[in-house]
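Trainee: Structure incoming, see below.
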């Protein structure tokens, strides 16, 4: 059996980093973790190839070779997925689809031959068994949340890792919280299910043996969902594993209550974590109540961010405008909060209601759903009718993005962060790739760019005041270039 695994293309989004990756001659952020894990679950004797449309094209020769095309996608990849399916049908190749997009919307894809939905540990084996018996059904789904102790190491060797800037791995699935706009619990449940520390170490050893020394992103929706296990098992194992090794800094996603646990922060930093994404959402307490974001309430959110930064963790933040309890003042509140906190990578989007969430159900009952969910956090779209009115919301949103990513305010935010940040270790970035990025940034940002005055101020301030953070400062300057391109694309 010949299996072609195809990963659709991402549009130009906040997290694509397409404009930043050009500075280091990389094509995509990370190879497709889900598809490569599925590949490892398929019979070993089957031939497998990967085509990631973010780094290469799908050729007629690829399709002629394949017996089946396996496709997995997130919602933001919807249009590219449709195009792939059309190509496959035109070439008379059967399509097997899974992943979040198809789990939530499989009825929208009539040309797909077989759907393997939900988590592959539950649904893939029955499909393979039936396929070999010549009696495969069209839809395989499950309401069970499987034990992931037997999940295999992804087949990283199928990907050309030279094209990527990071690699994703997964320790846990599920989240203990119940934010009403988030579909994580609908897809993966409330009880965090984890791999063993030995599994993670085996995955890291495999990646390290391939020569990978750059960053590793733990894709867990809430890495600290099971604090006891990561404190007593995983983090000590990671600390031990890291001894004598170079490179491979870790990043992940975690809830803001991480700031309440100094021991946990210290263990994470010692294990090699230097960046976390936190869903802060809003400084408006009434809106936090509205969306059941209880973990963010009853605290000084700015101070919590500062505690994480002082512990040695860069904080990337997710923010939302358009809650029912938001007034027109929310836009300036968000701007003030983000600037004061020094969150350089601040993703601000309009409130959207994904299928399967409590928010979706409420909006449906109130007759406030207007179109399909785009899956893009910063494209300026929403699938709900906001209480403040759509045009005031969009105008306020434009104000937020224009302010946050205007060179003057963006570079001020970088300096605010660099003054606060106390890194445990510095990423080894004085390599040919970094030198290339530095010279390109000097030319594109320091000579040609509209931000050149702010660039040189950051350049020399960091070089003389905090020289150990100079590579990070240049990285942030490049990120800012990407963020401005995305903001201009979506909101003008």
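Any read-out appearing in this document is the output of simple, stated calculations on the displayed coordinates, not a laboratory observation. In this text the structure is predicted, and so the values were computed from the model without any measurement. Note: ideal-geometry Cβ built from the backbone for every residue, glycine included; neighbour counts use all protein chains shown.
Trainee: Just order 336-343, 121-128 by mean Cβ neighbour count inside 10 Å, highest at the front, would you?
Mentor: 336-343, 121-128
Trainee: Can you give me the distance in nm between label points at residue 180 and residue 205, each placed 7 Å from the Cα along the Cα-to-Cβ direction?
Mentor: Computed distance between label sites residue 180 and residue 205 equals 4.8 nm.
Trainee: Same structure, new question: Going by average Cβ neighbours within 10 Å, how do the peptides 354-361, 457-464 rank, with the highest at the top? Walk me through the numbers before you get to the answer.
Mentor: Details: 354-361: 18.4, 457-464: 16.2.
The most tightly packed comes first, giving 354-361, 457-464.
Trainee: Can I ask one more? Quick check: residue separation of residue 227 and residue 385 times 0.36 nm, minus the Cα distance between them. What number comes out in nm?
Mentor: Using 0.36 nm per residue and subtracting the Cα-Cα distance, I get 53.1 nm.
Trainee: In deg cm²/dmol and to the nearest 500, what is the mean residue ellipticity at 222 nm of the chain if only DSSP H runs of at least 4 residues count, each as -39500 (n - 2.57), divided by the residue total?
Mentor: -12000 deg cm²/dmol
Trainee: Cα-based Rg of the stretch 2-140 per 2.2 N^0.38 Å, rounded to two decimals? The partial results should precede the final answer.
Mentor: Values: Rg = 14.9 Å, N = 139, 2.2 N^0.38 = 14.3 Å.
Rounded to two decimals, the normalised Rg is 1.04.
Trainee: Would you work out the Kirkwood radius for the stretch 89-198? I mean one over the mean of 1/r across all pairs of different Cα atoms, in Å. Spell out each step's value before the answer.
Mentor: Numbers: mean 1/r = 0.0618 Å⁻¹.
So the Kirkwood estimate lands at 16.2 Å.
Trainee: Given points 7 Å out from each Cα along the Cα-Cβ axis, report the residue 420 to residue 67 separation in nanometres with one decimal.
Mentor: 5.6 nm
Trainee: A follow-up question, please. In the stretch 9-35, whose amide N lies under 18 Å from the spot 7 Å out along Cα-to-Cβ of residue 435? List them in ranges.
Mentor: Within reach of a label on residue 435, which here means backbone N under 18 Å from a point 7 Å along Cα→Cβ, the stretch 9-35 contributes 23-26.
Trainee: Per 5 Å bin, what is the whole-percent P(r) computed from every C-alpha pair distance within the stretch 238-344?
Mentor: The calculated distribution, bin by bin, is 2, 12, 23, 21, 17, 11, 7, 4, 3, 1, 0.
Trainee: Follow-up. Residues in the stretch 102-124, backbone N under 13 Å from the label point at residue 143 (7 Å along the Cα-to-beta-carbon vector): list them, ranges by number please.
Mentor: Label zone hits: none.
Trainee: Quick one: Cα centre-to-centre distance for the stretch 292-306 and the stretch 156-172, in angstrom?
Mentor: Result: 33 Å between the Cα centres.
Trainee: With 10 angstrom as the radius, rank 45, 290 by how many other C-beta atoms surround their C-beta, starting from the fewest.
Mentor: Final ranking by Cβ density, sparse to dense: 45, 290.
Trainee: With r defined as the distance between the Cβ atoms of residue 362 and residue 25 and R0 fixed at 60 Å, what FRET efficiency is calculated, to the nearest 0.05?
Mentor: The formula returns an efficiency of 0.85 here.
Trainee: In whole Å, what three semi-axes, largest first, describe the equivalent ellipsoid of the stretch 323-395 built from its Cα gyration tensor (square root of 5 times each eigenvalue)? Present the calculation step by step, with values, prior to reporting the outcome.
Mentor: On the way: eigenvalues 113, 40, 23 Å².
Over the Cα atoms of the stretch 323-395, the ellipsoid semi-axes are 24, 14, 11 Å.
Trainee: Also: State, as an integer percentage, the relative contact order of the chain based on alpha-carbon contacts under 8 Å between residues 6 or more apart.
Mentor: That works out to 13 percent.
Trainee: Can you pull the three principal axis extents for the Cα set of the chain, in Å, largest first?
Mentor: On the principal axes, the chain reaches 67, 57, 48 Å in Cα extent.
Trainee: I would also like to ask the following. Would you please state the base-10 log of I(q)/I(0) at q = 0.11, 0.18 1/Å for the stretch 6-88, with intensities from the Debye formula using one equal scatterer on every alpha carbon?
Mentor: For the requested q values the scattering log ratios are -0.32, -0.82.
Trainee: Could you give the alpha-carbon Rg of the stretch 165-404 over 2.2 N^0.38 Å, rounded to two decimals? The partial results should precede the final answer.
Mentor: On the way: Rg = 18.8 Å, N = 240, 2.2 N^0.38 = 17.7 Å.
Dividing the Cα Rg of the stretch 165-404 by 2.2 N^0.38 Å gives 1.06.
Trainee: Using 7 Å Cα-to-Cβ label points, what is the residue 213/residue 398 separation (nm, one decimal)?
Mentor: Placing both labels 7 Å beyond Cα along the Cβ direction yields 4.8 nm.
Trainee: Multiplying the sequence separation of residue 105 and residue 408 by 0.36 nm and subtracting their Cα-Cα distance, what value in nm do you get?
Mentor: Extending this stretch completely gives an extra 104.9 nm.
Trainee: Still on this structure, please answer the following. Cα convex hull of the stretch 432-491: mean projected area in nm², to one decimal?
Mentor: 4.3 nm²
Trainee: Which of the peptides 139-146, 442-449 is most tightly packed, and how do the rest follow, going by the mean number of other Cβ atoms within 10 Å of each residue?
Mentor: 442-449, 139-146
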